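The structure appears right after this line, and notes come after that.
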Amino acid sequence: MSISTLESCKKRKRRPKLFGFHTFMESGCPISPTGAFRDNVRQFLSACGELEDYKVEGMSIWCTLLVHESSSIVFPLYTIEEHVKHSPQPYCDQCRCSGWANHYMSKRKYHWIIPIDCDWNKPLEDGVFDLQTHILHGLIHCNGFGHLLSINGIEGGSGYLCGREIMDLWDRICTNLRTCKVTVEDVSKKKSMDLRLLHGVAYGHSWFGRWGYKFFHGSFGVREQNYNRAIEILSSLELDNIIQDFCGTDLCREMKQIFHHYRDMSETLLLTLKDLLRFMLTVKSCASAQKKTIMTTTKPSKRMTLRIKSVVKDKSVNYKRFSAVVAKMDSRWSARRLESAAEVIVNALQEQKAENLGHGGGMSRQKLRDAARMHIGDTGLLDYVLKSMNNVIVGSHIVHRAVNPATRLLEYTIHDLCDGAGISEPGPEISDEPLPPLALETGSDVYSEVVYLYMNVLLNYPESELVALATQAVLDSKHFVKEWPFRDEDDQFLRFKCQVMPSFVDSETDLTGKLPPGELVMIPLHSTVLELKEAAESALRDTYCIMENLGVTDVVNMQKLDDGELLFGAVESGSQVWIQGYGIDSDSKLRYEGGNDKWIVKCECGAQDDDGERMVACDICEVWQHTRCHGIEDSGTVPPLFVCPRCCSSFAPSRTESSF
């Protein structure tokens, strides 16, 4: 897999640069920039990237080759520079939905992309920004504000890189290049569970919270205090009270067994739902390590042996009908198309098995994908189905997925339900029953029991409006942000945050919200006021579309200082300064990241800005409101004429309230 990438470098007569995956972009590896992001990213491309000999939609591409130290796999990290003036989509939907619609439009966007494994040795193609299969896709505007768009680890289709490793890499890139803020819309799921809810209850933060991402804003009017209170309510549910509330239901007995099992296993008291879920997730993550402990030559103590057996009681695998898996998928394809694609994949595996005279031999993901493409042209559909096919039953066959230890490639194998006794490794053991058992004894499948608690306690708590409202508040909180504080280094430079003083027109039209962010300017220690003006003018011209012809005339904070006076000793480094000037193109179409259209959001839930959820505008007052808040399902059709309740009440004749 890595050979083709290296060979392509040799054909271009260049010596490829290889960087260790787990240390790349740590401080000093290979760079330690101290300037603004707009300058640091250029230093990054010069030191770490190789300019490709082709472009995507007119955009330049740099390739950085990374080596996974433990597996020796070489894979590409692409950096694409998008100039908004020539972009077919200059406006930023992520900024609009993140509350940054009023940011001045940056001249350039930088995309960092690691494609899916099967595309590592292929050139990027047009439409690369629209794919959802990338292992990593992050975007940062040249002013240092960005968005994490997608992360796909092992369960998302990656054969080698797990989600934690990918996030570590992204965090190092952002930190080293001195990014200001990065948002992420957390819609990640695992086994039909929304991780922002599961991890929120278990750890008090989303999965991205491990890397410092915090609540940014919620949808449907959810504020930070609502989110924190909802997490507190769900986390503090006491296990004994849960049993009492479930008494008289069919679920009480199984729930008691789960609580009892993990309380016996834990060395500390498990009192609340937070305690239990956190412990169960810890057991899940440690299970593989404890399996290895059993195989060591040193005989464990009796107590440790009992503890290990309680975690790993059964090595059998749960199998599910693919039709049942499809029913739980949140997919843009219909269930019929997904099942049809699965049948095509099974047929390809059967043909491969027949060629090997029935002696097994799996197909790599790429080979299987190519075979299925002979019948299905939608590669997005194929990637989605292949990602979901592991230990699933399609017709009378079981499809199994595992990494071949010899080739280190992800391979798919197929087995008949009736001949499970003859299956050789690496396939799992299969019983002689027509359908394998779908439920194991308590403790043998931790994640299934986590799903059980998630579905029944968090989503379907009996007769508790408080729990239902708290759960909905957490699910409606998808937007998280990480901020890197401004750092003034102890070196021979002065740093200032330069903010453009709004004009009179701006103050009347745009100051209802927050001002756009200031721009970092770095100048030598013994610079003058004039040199600060020149540096600020250059930085703002380089960063924002409407300031391409900016001329700085005054620094508001320093009007008492002459242009020739030194700044050192007169102004503190790290402070914010306001500048005035001329040449700002206020009529430009490329003025704001969210576009120049003006809209008013005022929904009954309390939302007053676009939060990314589905909305409809009143045909009378033209105020935008959530469809959900007016009883229109996301899958439902918006009526051709929509009048909000406020306008209805204003047009309806007044009437006295009847006694009935």
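The 3J(HN,Hα) values that the Karplus relation (6.51, -1.76, 1.60; θ = phi - 60°) gives for the range 606-622 are, in residue order, x, 5, 10, 8, 5, 10, x, 8, 5, 10, 9, 9, 5, 6, 9, 8, 6 Hz. Gly and Pro appear as x. A Förster radius of 51 Å combined with the Cβ-Cβ distance from E155 to Y54 puts the calculated FRET efficiency at roughly 0.95. Rolling a 1.4 Å probe across all protein chains gives I579 an accessible area of roughly 0 Å².
With all protein chains present, how much of the accessible area of the range 74-154 (probe radius 1.4 Å) comes from carbon and sulfur, to the nearest whole percent? It would help to have the intermediate numbers written out before the result.
Working: 1290 of 2610 Å².
Looking at the range 74-154 in its full context, I get 49 percent from C and S.
For the range 453-587, with all protein chains in place and a probe radius of 1.4 Å, 51% of the accessible heavy-atom surface sits on carbon or sulfur. So if R0 is 51 Å, what FRET efficiency would T379 and K560 give, r being the distance between their Cβ atoms, rounded to the nearest 0.05? According to the calculation, E is roughly 0.20.
As a fraction of the 1.4 Å probe accessible area of the range 320-416, surface on carbon and sulfur atoms comes out at 49 percent. Ordering L131, L382, L520 by accessible surface, largest first, gives L131, L520, L382; the 1.4 Å probe counts only protein heavy atoms, with every chain in place.
For the range 320-416, what is the accessible area per residue in Å² when the probe is 1.4 Å? Numbers along the way, then the final one.
Working: 4930 Å² over 97 residues.
Computed with neighbouring chains in place, this is 51 Å² per residue.
Please work out the average accessible area per residue across the range 133-217, using the 1.4 Å probe convention, and give it in Å². Working shown, then result.
On the way: 2360 Å² over 85 residues.
Value for the range 133-217: 28 Å² per residue.
When only Cα pairs below 8 angstrom with a gap of at least 6 residues are kept, the range 320-416 shows a relative contact order of 31 percent. For the range 164-177, 3J(HN,Hα) computed residue by residue from phi via the Karplus equation (6.51, -1.76, 1.60; θ = phi - 60°) reads 5, 5, 5, 5, 4, 4, 4, 5, 5, 4, 5, 5, 5, 7 Hz, glycine and proline entered as x.
Positive contributions from Lys and Arg (+1) and negative ones from Asp and Glu (-1), summed over other residues with Cβ under 15 Å from the Cβ of C498, come out at -4. Legend: residue pairs K190/K387; K181/K214; K85/K478, Cα-Cα distance threshold 19 Å; pairs beyond threshold, K85/K478. Potential lengthening of the chain between S448 and A617 amounts to 56.6 nm, from the contour at 0.36 nm per residue minus the alpha-carbon distance. The modelled label-to-label distance for the pair Q244/H261, using points 7 Å beyond Cα in the direction of Cβ, is 2.6 nm. Between amide H atoms placed 1.01 Å from N, distances below 5 Å from Y592 occur with M105, all of them 5 or more places distant or on a separate chain. If R0 is taken as 56 Å, the Cβ-Cβ distance between E232 and D370 corresponds to a FRET efficiency of 0.65.
The values are calculated or read from the model by the stated rules, or taken from the named source; none is laboratory data. Since this is a predicted model, take the numbers as computed values, not measurements. Cβ: placed from backbone, ideal geometry, glycine included. Neighbour counts: every protein chain shown. Surface areas here come from the heavy atoms of the whole protein model, side chains and all, with no ligands, DNA or RNA. Shrake-Rupley method; radii C 1.70, N 1.55, O 1.52, S 1.80 Å.
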